[in-house]
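**Student:** Quick one: structure below, then a few questions.
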Amino acid sequence: DEIQWWDNTNIPIMDGSSSAIPLEAGLKSSMLGIEYSKAKELVKHHKTHESFKMLLNGENDLIFTVPISEEQKKMAEEAGRELVFTPVAKEGFVFIVNKDNPVDSLTQQQIRDIYSGKITNWSEVGGNDEEIIAYQRNSDSGSQNYMTEFMKGYDLMEAPKSHYLSSMAMIIDGVAFYDNSSRAIGYSVYSYAAQMYENMEDV
């Protein structure tokens, strides 16, 4: 008989980024020998920043997260915690526009120019003569870690407060539904935008 090493009494306490919920569910399914759908019901993530703080406080054993920021590395040092990083998957960082926006392709340079404030009108990249609304995430989100890395060497512009959205769903909702959404651009990770977001047909 196959030995079941893990059960609910000894499985590590896990947490992490919203987009990594399927990763934990897959691991728990394998560790506990249960169906993926049942394992997914056991997963609750506190988002990137909160789960990281909980890891430093000893409230969880491991987190599934994007590469951590310089600020988070400093927090770990100050807490006297030595972190072990183990890559388990690659994630796509994607940019999204409203389905009614005629622009369906941008180069990395064009995106960097939009987010550094050099390109401000969709007509400059083959779209309508409309102002670009460039949404960003809050500074302690995993998506913003990716964005900061993507913009390394460029000046990521300071956006108006109303253009900072605090969750993965909100930034896609902003591009899909808010006023002037056909003028908006935002970003996410592929797994969330393509598999977890409910209204993906609107972007």
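The values are calculated or read from the model by the stated rules, or taken from the named source; none is laboratory data. The model shown is predicted, which means the values in this text are computed figures rather than measured ones. Using ideal geometry, Cβ is built from the backbone for each residue, glycine included, and neighbour counts are taken over all protein chains shown. Note: areas computed on protein heavy atoms with side chains; ligands, DNA, RNA excluded. Shrake-Rupley method; radii C 1.70, N 1.55, O 1.52, S 1.80 Å.
**Student:** What number of residues in the stretch 120-145 are surrounded by fewer than 20 Cβ atoms within 10 Å (Cβ to Cβ) and in a helix (DSSP H, G or I)?
**Tutor:** Let us first name the residues in the stretch 120-145 that are surrounded by fewer than 20 Cβ atoms within 10 Å (Cβ to Cβ), namely 120-121, 123-131, 138-140.
Applying the additional criterion that residues be in a helix (DSSP H, G or I) yields 123-125.
Matching residues across the stretch 120-145 total 3.
**Student:** Taking the stretch 103-119 on its own, how many of its residues are open to solvent by 70 Å² or more (accessible area, probe 1.4 Å) and either in a loop (DSSP other than H, G, I, E, B) or touching a strand residue (DSSP E or B) at 6+ places or on another chain (Cβ under 8 Å) (or both)?
**Tutor:** 4
**Student:** Looking at (1) open to solvent by less than 70 Å² (accessible area, probe 1.4 Å); (2) at pLDDT below 95, which is the one condition that is false for residue 97?
**Tutor:** Here residue 97 meets the rest and fails (2).
**Student:** So which residues in the stretch 47-64 are open to solvent by 70 Å² or more (accessible area, probe 1.4 Å) and part of a loop (DSSP other than H, G, I, E, B)? Reasoning before the result, please.
**Tutor:** Taking the stretch 47-64 as the starting set, the residues that turn out to be open to solvent by 70 Å² or more (accessible area, probe 1.4 Å) are 47, 50, 53, 57, 59, 61.
Matches in the stretch 47-64: 47, 57, 59, 61.
**Student:** Let me ask you something else. I'm checking my understanding of the structure. Among residues of the stretch 1-43 that are hydrophobic (A, V, I, L, M, F, W, C) and in contact with a strand residue (DSSP E or B) (Cβ under 9 Å, 6 or more places away or on another chain), which one is most open to solvent (accessible area, probe 1.4 Å)? Give the derivation first.
**Tutor:** The first filter runs over the stretch 1-43 and keeps only residues hydrophobic (A, V, I, L, M, F, W, C), leaving 3, 5-6, 11, 13-14, 20-21, 23, 25, 27, 31-32, 34, 39, 42-43.
Pick out the ones that are also in contact with a strand residue (DSSP E or B) (Cβ under 9 Å, 6 or more places away or on another chain) and you get 13-14, 20-21, 23, 27, 43.
Working: 13: 94, 14: 14, 20: 10, 21: 39, 23: 74, 27: 68, 43: 21 Å².
Within the stretch 1-43, the match that is most open to solvent (accessible area, probe 1.4 Å) is 13.
**Student:** Within the stretch 170-188, does at least one residue satisfy the condition of being polar (S, T, N, Q), within 19 Å of the chain's Cα centre (by Cα) and more than 20 Å from residue 101 (Cβ to Cβ)?
**Tutor:** Just the residues of the stretch 170-188 that are polar (S, T, N, Q), to begin with: 180-182, 188.
Add one more test, that the residue is within 19 Å of the chain's Cα centre (by Cα), and what stays is 188.
Applying the additional criterion that residues be more than 20 Å from residue 101 (Cβ to Cβ) yields none.
The answer is no; no qualifying residue exists.
**Student:** Please go through the stretch 161-196 and give me each residue that is polar (S, T, N, Q) and either touching a Ser or Thr at 6+ places or on another chain (Cβ under 7 Å) or open to solvent by less than 30 Å² (accessible area, probe 1.4 Å) (or both), ordered by number.
**Tutor:** Taking the stretch 161-196 first, the residues polar (S, T, N, Q) are 162, 166-167, 180-182, 188, 191, 195.
167, 181, 188, 191, listed by residue number.
**Student:** Testing residue 199 on (1) open to solvent by 20 Å² or more (accessible area, probe 1.4 Å); (2) modelled with pLDDT of 90 or more; (3) over 26 Å from residue 68 (Cα atoms), one condition comes back false. Which one is that?
**Tutor:** Checking residue 199 against (1) open to solvent by 20 Å² or more (accessible area, probe 1.4 Å); (2) modelled with pLDDT of 90 or more; (3) over 26 Å from residue 68 (Cα atoms), the one that fails is (2).
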